[in-house]
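S.K.: Could you have a look at this structure, given as structure tokens, before my questions?
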Amino acid sequence: MINVPKGTKDILPQESYKWQYVEKIARETARIFGASEIRTPTFEHTEVFLRGVGETTDIVNKEMYTFLDKGNRSITLKPEGTAGIARAFVENGLANSALPAKFFYLTPCFRYERPQAGRLREFHQFGVEFLGSYSADIDAETILLAKTFLENVGIKNVSLYINSIGCKECRKNYENALKEYLNQNLDALCPLCKDRLNKNPLRILDCKNDDCKEITKNAPKILDYICQDCSAHLEKVKKLLDIAGVEYKINPNIVRGLDYYTRTVFEFVSENIGAQGTVCGGGRYDGLIKELGGTDTPGIGFAVGIERILLLLENTGVEIENPNKVKIYFAPMGESESEKVFELVSNLRAQGVLCDFDHMGRGIKAQFKYADKIGAEYVAVIGSNELAEGAVKIKKMADGSESFVKFSDIKDFLSNN
């Protein structure tokens, strides 16, 4: 037997309706905020992620699925959604469209990391990208969209943390102060963070190594170094969140794991999802479009892992109703009855009724067992008497009650019960 690759998972019919539920809520929420769907390729030229995500990030250093294609080109399966959308924005001249451009996506992503609950090597993201505005109100709107999605999908008890990591100019002063502090603890840093120190010291704040986390507890805080414009931007975001009634906490240690972020960064965190508590994360990336060859265009977005959403819903006892349960199952007793059942089922399906019938030549008892196994709400047995009378007894499986219904009235009966 050939098994599924490590870190991947089959989504079976008994689970797929839950995915469809989350995806439906994602689409509806994004639409309300004016976002339209964008779909980018599953793989990109590796340079998209080297320039966009950043060469010093864990994703680029350790987690990307990169290979040479038959034309000897370096290709990478997308590890996240934003960089590919930024590339599409530039390549398709979308800067000339009405701005801000509001996009959402539902996509598979790929990262080579240790599989754990809610985090696989092939995973799926719902994300939003708003491009074209420097205004703090679009930051607040993006955060509100994320919060609205989480609430609409059934997740209530999450905490919002926000921070500003400043612009590239004011961050230089902070990086100098951070380097000076970390140099005093250089020997205790992990090998990767020693390498990051001169390339991108902010990444050290995002390190998962326990020794590095202990060192960075007392590191200088970036909010003490951001410029007046960045500080005013953060204050406006906070004010707008207050107006919208969105509760939040300032966490100066949030930097996010990707190099393209500037100014506002945020995370929604839950205690009901294990050690990796971040449910949703995002932020502003004002230099990404230019880095990928476009005009100087600001942007902000977020991404949510669908696997993590489903895990959180399960852990908090949220039930998702299965819309695929059969409304009525017809059990024919013979060949002529099967032909009538086929006619009835065809007519009901044309009217939008989810119904089914026997395809296996089972006896009546076995058909009832099958109907119960698939969760059919009603069962109708059709034999010669039913054919002669043009009517059938419909049994409700939940309580065993029966109703005598003409063939022509079955649709009305099901609609009213």
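S.K.: So how many residues does region 2-45 have that are closer than 25 Å to residue 143 by Cβ and in contact with a Gly (Cβ under 8 Å, 6 or more places away or on another chain)?
M.R.: Qualifying residue count for the region: 1.
S.K.: May I ask you to verify whether residue 193 is free of Cβ contacts under 8 Å to residues at least 60 places away in the same chain and in contact with a Cys (Cβ under 6 Å, 6 or more places away or on another chain)?
M.R.: Working: free of Cβ contacts under 8 Å to residues at least 60 places away in the same chain: yes; in contact with a Cys (Cβ under 6 Å, 6 or more places away or on another chain): yes.
Spelling it out, residue 193 is indeed free of Cβ contacts under 8 Å to residues at least 60 places away in the same chain and in contact with a Cys (Cβ under 6 Å, 6 or more places away or on another chain).
S.K.: I need the full set of residues from region 268-309 which are β-branched (Val, Ile, Thr) and over 14 Å from residue 119 (Cβ atoms), in order please.
M.R.: Within region 268-309, 269, 289, 295, 297, 300 meet the criteria.
S.K.: If residue 347 satisfies every condition in (1) at pLDDT below 90; (2) under 17 Å from residue 413 (Cβ atoms) but one, which is the exception?
M.R.: Only one criterion is unmet by residue 347, namely (1).
S.K.: When you go through 270, 336 one by one, which is the residue that is at pLDDT below 90 and under 17 Å from the mean Cα position of the chain (by Cα)? Before the answer, list the steps.
M.R.: Details: 336 fails: under 17 Å from the mean Cα position of the chain (by Cα).
Within the list 270, 336, the selection yields 270.
S.K.: Select from region 1-55 the residues that are surrounded by 17 or more Cβ atoms within 10 Å (Cβ to Cβ), in a loop (DSSP other than H, G, I, E, B) and modelled with pLDDT under 95 and list them in ascending order.
M.R.: 7, 53, 54
S.K.: Could you name every one of the strands (runs of 3 or more DSSP E) located completely within region 351-417 that has at least 2 residues being surrounded by fewer than 17 Cβ atoms within 10 Å (Cβ to Cβ)? Give the derivation first.
M.R.: Values: elements: 355-357, 378-382, 391-396, 402-406.
Here the list reads 391-396, 402-406.
S.K.: Okay, next question. Somewhere in region 306-321, is a residue assigned to a helix (DSSP H, G or I), outside the structural domain of residue 374 (by TED's automatic domain parsing), of a type in the set (Val, Ile, Thr) and modelled with pLDDT of 90 or more?
M.R.: Yes, region 306-321 contains at least one residue that is assigned to a helix (DSSP H, G or I), outside the structural domain of residue 374 (by TED's automatic domain parsing), of a type in the set (Val, Ile, Thr) and modelled with pLDDT of 90 or more.
S.K.: Let me ask something else. Being of a type outside the set (D, E, K, R), in the same structural domain as residue 262 (by TED's automatic domain parsing), surrounded by fewer than 18 Cβ atoms within 10 Å (Cβ to Cβ) and within 24 Å of residue 121 (Cα to Cα): is that true of residue 281 here?
M.R.: no
S.K.: Restricting to region 67-108, and then to whatever is touching a Leu at 6+ places or on another chain (Cβ under 8 Å) and farther than 16 Å from residue 298 by Cα, can you tell me which residue is surrounded by the fewest Cβ atoms within 10 Å (Cβ to Cβ)?
M.R.: The residue in question is 74.
S.K.: Further, regarding this structure: Regarding region 369-383, can at least one residue be identified that is closer than 30 Å to residue 155 by Cα and touching a Phe, Trp or Tyr at 6+ places or on another chain (Cβ under 8 Å)?
M.R.: Yes - at least one qualifying residue is present in region 369-383.
S.K.: Ok, one more. Starting from region 1-30, take each residue that is assigned by TED's automatic domain parsing to the domain that holds residue 147 and touching a residue at least 60 places away in the same chain (Cβ under 8 Å) and list its partners that are surrounded by 13 or more Cβ atoms within 10 Å (Cβ to Cβ) and aromatic (Phe, Trp, Tyr), counting only C-beta distances under 6 angstrom and pairs at least six apart or across chains.
M.R.: 26/126; 29/149; 30/104
S.K.: Consider residue 338 carefully, then state whether it is free of Cβ contacts under 8 Å to residues at least 24 places away in the same chain and hydroxyl-bearing (Ser, Thr, Tyr).
M.R.: Yes.
S.K.: Within region 92-144, which residues are more than 15 Å from residue 36 (Cβ to Cβ), among the aliphatic types (A, V, I, L, M) and modelled with pLDDT under 95?
M.R.: Residues satisfying the conditions are 95, 117, 120.
So that you can scan it fast, the table gives a plain yes or no per residue for (1) among the charged types (D, E, K, R); (2) within 26 Å of residue 100 (Cβ to Cβ); (3) in contact with a strand residue (DSSP E or B) (Cβ under 9 Å, 6 or more places away or on another chain):
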| residue | (1), (2), (3) |
| --- | --- |
| 234 | no, yes, yes |
| 243 | no, yes, no |
| 249 | yes, no, yes |
| 277 | no, no, yes |
| 281 | no, yes, yes |
| 284 | yes, yes, yes |
| 287 | no, yes, yes |
| 300 | no, yes, yes |
| 304 | no, yes, yes |
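S.K.: Is it the case that some residue within region 151-167 is among the charged types (D, E, K, R), at pLDDT 85 or above and either touching a His at 6+ places or on another chain (Cβ under 9 Å) or farther than 21 Å from residue 281 by Cα (or both)?
M.R.: So far as region 151-167 goes, no, none of its residues is among the charged types (D, E, K, R), at pLDDT 85 or above and either touching a His at 6+ places or on another chain (Cβ under 9 Å) or farther than 21 Å from residue 281 by Cα (or both).
The values are calculated or read from the model by the stated rules, or taken from the named source; none is laboratory data. As the structure is a computational prediction, the values presented were derived from the model and not from experiment. Cβ sites come from the backbone with ideal geometry, for glycine too, and all protein chains shown count toward neighbours.
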